[in-house]
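Have a look at the structure below, then the notes.
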Amino acid sequence: MVILAIAGTAAVTLVSQSTDAVRRARIADVEMREANAFFQAVALWTRDDLDRRLGERPQGAWKLLIQRPTPTLYEVVLTDSAVTRELLRTTLYRPEPPEPELPPIPEPPSGQPPAEAP
């Protein structure tokens, strides 16, 4: 009878732990899906958007960290709000803006010498 009681207790404990593990896995899956949806939006941000958000800031239930290690690369990290667990990390490439084109120097009217620079 004692053996049966011990086996029954072990079975109940195993079922309880399994149920708890499944619940935690489902919660983690929902959290990861939400974080992934947010990360997809971040991936569409322009260079200016990323520059405005450099550093660490709260973003809903998470913390968002954006760093720019080089002029064209942005490291984006999403952690839980306590910054104890990294959820997602990526590196985004954004090309540098093109140099503005200078207007051409106007040609002097024909027959006149070029104007001297002051």
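The values are calculated or read from the model by the stated rules, or taken from the named source; none is laboratory data. All figures in this text were calculated on a predicted structure; none of them were measured in a lab. Cβ coordinates were reconstructed from backbone atoms using ideal geometry, including for glycine residues, and neighbour counts include every protein chain displayed. For the accessible areas, the whole protein counts, side chains as well, though only heavy atoms, and no ligand, DNA or RNA atoms are used. Shrake-Rupley method; radii C 1.70, N 1.55, O 1.52, S 1.80 Å.
List of remarks:
- The residue list Gln17, Gln40 contains one member that is under 28 Å from Pro95 (Cβ atoms) and open to solvent by 70 Å² or more (accessible area, probe 1.4 Å), which is Gln40.
- Taking residues in region 50-72 that are modelled with pLDDT under 95, and partners anywhere that are open to solvent by 60 Å² or more (accessible area, probe 1.4 Å) and aliphatic (A, V, I, L, M), the pairs with Cβ atoms closer than 6 Å and at least 6 places apart or on different chains are Lys63/Val83.
- Only one of the listed residues (Ala61, Ala25, Ala41) is within 24 Å of Pro97 (Cβ to Cβ) and not β-branched (Val, Ile, Thr). That residue is Ala41.
- Within region 70-85, the set of residues being surrounded by 14 or more Cβ atoms within 10 Å (Cβ to Cβ) and closer than 15 Å to Ala28 by Cβ comprises Leu78, Thr79, Asp80.
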